[in-house]
Amino acid sequence: MPSGVVERAGTGDLVTRSTVDVGAVGTALRDAAPDLVVGVVETVLVFGALFLIDPLLGSVAVACLPVVALGVRWYRKRARTAYLAQGEATSAVAEGMSATAEGARTVEAYGLARARTAATDHDVDVVYRARYRTLALRLRVYLCIDVAHRGAHVLVVVVGGLMAFQGALTVGEVAAASLYAWQLADPLSRLAQWLELVEGSVASLARVAGVEAAPPPVTAAEPADDRIRLAGVRFAYVPGRDVLHGIDLDVRPGEHLALVGPSGAGKSTVGRLIAGIERPGAGEVLLGGVPVADLDPVARGGLVVLVTQEHHVFRGTLRDNLAIAAPDADDAALRSALSAIGWTDPPDLDAPLDDLPPDRAQLLAMARVVLRDPHTVILDEATSVLDPRTARAAEQALAAVLKGRTVIAIAHRLHTAHDADRVAVVEHGRITELGSHTELLAAGGLYARLWRSWHG
Ligand SMILES: Nc1ncnc2c1ncn2[C@@H]1O[C@H](COP(=O)(O)OP(=O)(O)OP(=O)(O)O)[C@@H](O)[C@H]1O
């Protein structure tokens, strides 16, 4: 699944779908089918016995079935939406709780505990109301089935009694018919429970299938070359609120391009689109002539890699962490990647990695890039979190990583732009200046002003 989708869905939602919803579908598949079969067989036998005693008594009992059918129809019309809402509400609670837990330090630092508690209370309230709604629906369908069954029983006793008075049936036959009619309670109430389980699990299945359906279609087309082209690209995180308003950009293979501009201008978004994490709302982002977001994610990762300041170290060994980038790489290849980025004292490949410091985590990320060997690297704030000494070491490692590749650097420090072949200035979701450092300085626009103010 594209990471953009994962980020928007949130951990809580995905976890709820893949645990609670998968569990609900599993329970339904395990319990519903046998119960349904037993319930149907039991109902058919009871009606058969009633018809055998007397066809009129059988018909009287069958008269209850339309009431059940109407109740079930009424329930099914509403249940799917209600169960979907319940699933969403449950996800929202999990999502809110996981966000609070992940941001515990921020919550503490800014005294947000009360606000977070209020938000959780609100989410729980929504779950309560959603559950109340499904419960109310269930109660009504149970009531309907109960009325139908009791109605059938009363009708069988009354009609049977009248027939006994007229001598058409014996008292024993009426008593037997009454007992059979009473026995309908069991399969019908099982039907009601089954309905609840199925409706709940169909909603859960839709939510689980939603996770499956999230990945966009993957194209079989192969990029013809390493060219990157953005044409008329518009993009919105929130529908109707574009953050990019028509970006046109051609990146030549092997070129080092710096994206500069004010905070919030859209630089990182351009990077995410080129990496195929997001797909444009309008226009196209092409890699070798193929829409980059349509490429198979694994294959795409071998062509374009986005390096951000988040360097995740997975639980496991250094080997496990490097193998993410190149599962088939042998020890020699792993060691050569480590030495290429200047990591001279790496831990043993098979030693567990505990608490890797940020500068080592960054080296690990770069070693992964070397192993993956993409033709294009997008750097977003790659060295900004490190102290200057560490950042310099990281930059040296980076230089080794970037050699011979196309580089799109989202530059927060202007010397990165100075060293680039071309600089694109992004302002308010548009590229307003494009050229070499010297050309942009001569043009006297925003870049020139930023450069002069940076140089004092
Ligand atoms: N996940 C998101 N959801 C909603 N809006 C977002 C999201 N990420 C970014 N934005 C908004 O999109 C706009 C462009 O953001 P973007 O991060 O691309 O800018 P930027 O130029 O890289 O900024 P910075 O230099 O501060 O990183 C901003 O208004 C930002 O608030």
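Read the figures in this text as sums done on the coordinates, not as results from a lab. Since this is a predicted model, take the numbers as computed values, not measurements. Positions of Cβ are generated from backbone atoms using ideal geometry, with glycine treated the same way; all protein chains shown enter the neighbour counts.
Of the trypsin sites (Lys or Arg not before Pro) found in region 269-321, the ones in coil according to DSSP and having at most 11 other Cβ atoms within 10 Å of their Cβ are R315. Each residue of region 66-82 was assigned a 3J(HN,Hα) from its phi angle through the Karplus curve 6.51 cos²θ - 1.76 cosθ + 1.60 (θ = phi - 60°); the sequence is x, 5, 4, 4, 4, x, 5, 4, 4, 5, 5, 4, 9, 5, 4, 4, 5 Hz, with glycine and proline shown as x.
Please name which of G240, L440, L371 has its Cα lying farthest along the dipole of region 228-455 towards the positive end, using unit charges on Cβ (Lys, Arg +1; Asp, Glu -1) and the Cα centre as origin. It is L440.
With q set to 0.21 Å⁻¹, the log10 of I(q)/I(0) for region 237-358, from the Debye formula over equal scatterers at the Cα positions, is -1.24.
Let me have the relative contact order for region 228-455, percent, based on Cα pairs under 8 Å that are six or more residues apart.
Answer for region 228-455 is 28 percent.
Taking 7 Å steps out from each Cα toward its Cβ at L179 and A164 produces label points 1.3 nm apart. Modelled spin labels at H415 and A282, positioned 7 Å past Cα toward Cβ, are 4.2 nm from each other.
Label sites at R150 and D35, each approximated as a point 7 angstrom past Cα along Cα to Cβ, lie 2.3 nm apart. The residue among G283, G342, Q309 whose Cα reaches farthest toward the positive pole of the charge dipole of region 262-385, with charges on the beta-carbon of Lys, Arg, Asp and Glu, is G283.
The charge dipole of region 65-114, taken about its Cα centre with unit charges on the Cβ atoms of Lys, Arg (+1), Asp and Glu (-1) only, comes to about 500 debye. Around the Cα centre of region 228-455, unit charges on the Cβ atoms of Lys, Arg, Asp and Glu (plus for the first two, minus for the last two) sum to a dipole of about 640 debye.
Placing +1 on the Cβ of every Lys and Arg and -1 on the Cβ of every Asp and Glu, with nothing else charged, gives region 41-172 a dipole about its Cα centre of roughly 320 debye. Here the extension length gained between R241 and A63 equals 58.3 nm, from 0.36 nm per residue of separation less the Cα-Cα distance. Cut-off 15 Å, label point 7 angstrom out along Cα-to-Cβ of D225: give me the residues of region 239-261 whose amide nitrogen falls inside. Flagged as within label range: 250-255.
What is the projected area of the convex hull of the Cα atoms of region 228-455, averaged over all directions, in nm²?
Average projection, Cα convex hull of region 228-455: 12.9 nm².
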